Amino acid sequence: MRIAVCDDEIGTCSEIETMILDFAEGRGLQVETEVFYSGETLYPFVSEYDLIFLDILLLEMDGVRLGQRIREELGNETVSIVYISSKESYAMSLFSVRPLDFLIKPITREKLNAVLTTYLRLRENGKNEFLFKVGKSLYRQYLEEIRYFACNGKKVELSAISGTWEFYGNMREVWRQVEGKGFLAIHKSYVVNTAFVAVYHYDSVELSDGSCLPVSQRYRKIVREHLMAEYGGRI
């Protein structure tokens with residue numbers, strides 16, 4: 001789990017980071033944290049994080065504006081945002097950003113632990129869903145119903161039992177949601193749900209619906225290792 005802390009107060013960032021790492025250590029979680037002191041420096045790296053603690057009163061690009069850009073310009077609905085501020089009056093202006101929570105400074109260990117516990121519970125409950133945005137609408141698709149993802153330029157095609165959708169994104173963002181959940185990267189432009197693979201070939205896979213996807217040379221070793229792990233000495 002990767003967590004970013006963004007606040008222009010160095011002391012606040014240090015305190016939050018320490019509490020996050022203590023929480024993770026106490027629960028045996030693998031967590032990476034990174035600190036940013038402005039919205040401008042955080043914005044280009046937003047997609048690399050699962051959770052962001054974001055101050056509202058930043059000097060140039062304030063936290064509300066940054067949150068709006070994350071949701072609207074980037075179309076990123078997967079990163080969870082926890083706002084932090086010394087004033088409660090900002091709470092009503094945050095609805096459009098759909099934050100996970102809103103914490104008032106000074107932030108205590110109890111408050112932060114409660115937010116992290118809530119985040120982990122929601123993450124566990126939503127682990128079998130894939131979220132994507134088409135236009136201004138947010139879609140949820142069960143992972144077990146998705147056949148594969150195909151990337152074409154700046155768009156991703158999602159093929160599922162119930163239909164096919166296209167949305168703006170890239171394979172890196174897709175992989176962040178499906179890694180370790182029964183999916184296999186077989187090409188820089190294809191990620192397949194192994195539950196739908198009927199036949200593995202050296203340079204392609206055939207799915208149960210009859211479609212065929214290429215396996216690039218770069219990924220053939222990965223596919224081979226997957227088959228060895230799955231079927232052992234039977235191949």
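The values are calculated or read from the model by the stated rules, or taken from the named source; none is laboratory data. Keep in mind that what you see is a predicted model, and the values were worked out from it rather than measured. Because the Cβ atoms are built from the backbone with ideal geometry, glycine has one as well, and the counts that use them run over all protein chains shown. When the accessible area is computed, the model is the full protein with side chains, heavy atoms only, and any ligands, DNA or RNA have been set aside. Shrake-Rupley method; radii C 1.70, N 1.55, O 1.52, S 1.80 Å.
Do we find that residue 32 is surrounded by 16 or more Cβ atoms within 10 Å (Cβ to Cβ), without any contact (Cβ under 8 Å) to a residue 40 or more places away in the chain, at negative phi and among the charged types (D, E, K, R) in this structure? Taking the combined requirement at face value, the residue does not satisfy it. Of everything in the range 147-160 that is out of contact with any helix residue (DSSP H, G or I) (no Cβ under 8 Å at 6 or more places or on another chain) and open to solvent by less than 30 Å² (accessible area, probe 1.4 Å), the residue that is nearest to residue 219 (Cα to Cα) is 150. Selection of the range 128-180 for residues being over 21 Å from residue 210 (Cβ atoms) and in contact (Cβ under 8 Å) with a residue 60 or more places away in the chain yields 138, 167, 168, 169, 172, 173, 176, 177.
Table: residues versus (1) over 17 Å from residue 138 (Cα atoms); (2) not in a strand (DSSP E or B).
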| position | (1), (2) |
| --- | --- |
| 52 | yes, no |
| 67 | no, yes |
| 72 | no, yes |
| 75 | no, yes |
| 78 | no, yes |
| 84 | yes, no |
| 94 | yes, yes |
| 106 | yes, yes |
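Within the option set 47, 137, 85, 80, being open to solvent by less than 20 Å² (accessible area, probe 1.4 Å) and among the polar types (S, T, N, Q) holds for one residue only, 85. For the range 81-102, the candidate set comprises residues that are within 20 Å of residue 118 (Cα to Cα) and aliphatic (A, V, I, L, M); within that set, the residue that is modelled with the lowest pLDDT is 91. Just checking, does the range 161-181 include any residue being surrounded by 14 or more Cβ atoms within 10 Å (Cβ to Cβ), farther than 25 Å from residue 223 by Cα, touching a helix residue (DSSP H, G or I) at 6+ places or on another chain (Cβ under 7 Å) and at pLDDT below 95? Looking for residues that are surrounded by 14 or more Cβ atoms within 10 Å (Cβ to Cβ), farther than 25 Å from residue 223 by Cα, touching a helix residue (DSSP H, G or I) at 6+ places or on another chain (Cβ under 7 Å) and at pLDDT below 95, one finds none in the range 161-181, hence no. For the range 50-77, the candidate set comprises residues that are more than 16 Å from the chain's Cα centre (by Cα), surrounded by 18 or more Cβ atoms within 10 Å (Cβ to Cβ) and closer than 27 Å to residue 174 by Cβ; within that set, the residue that is modelled with the lowest pLDDT is 66.
In the range 201-235, the qualifying residues are those that are among the hydroxyl-bearing types (Ser, Thr, Tyr) and at pLDDT 90 or above, and the one that is surrounded by the most Cβ atoms within 10 Å (Cβ to Cβ) is 219. Candidates in the range 115-127 are the residues that are open to solvent by less than 40 Å² (accessible area, probe 1.4 Å) and touching a residue at least 40 places away in the same chain (Cβ under 8 Å); of these, the one that is farthest from the chain's Cα centre (by Cα) is 116.
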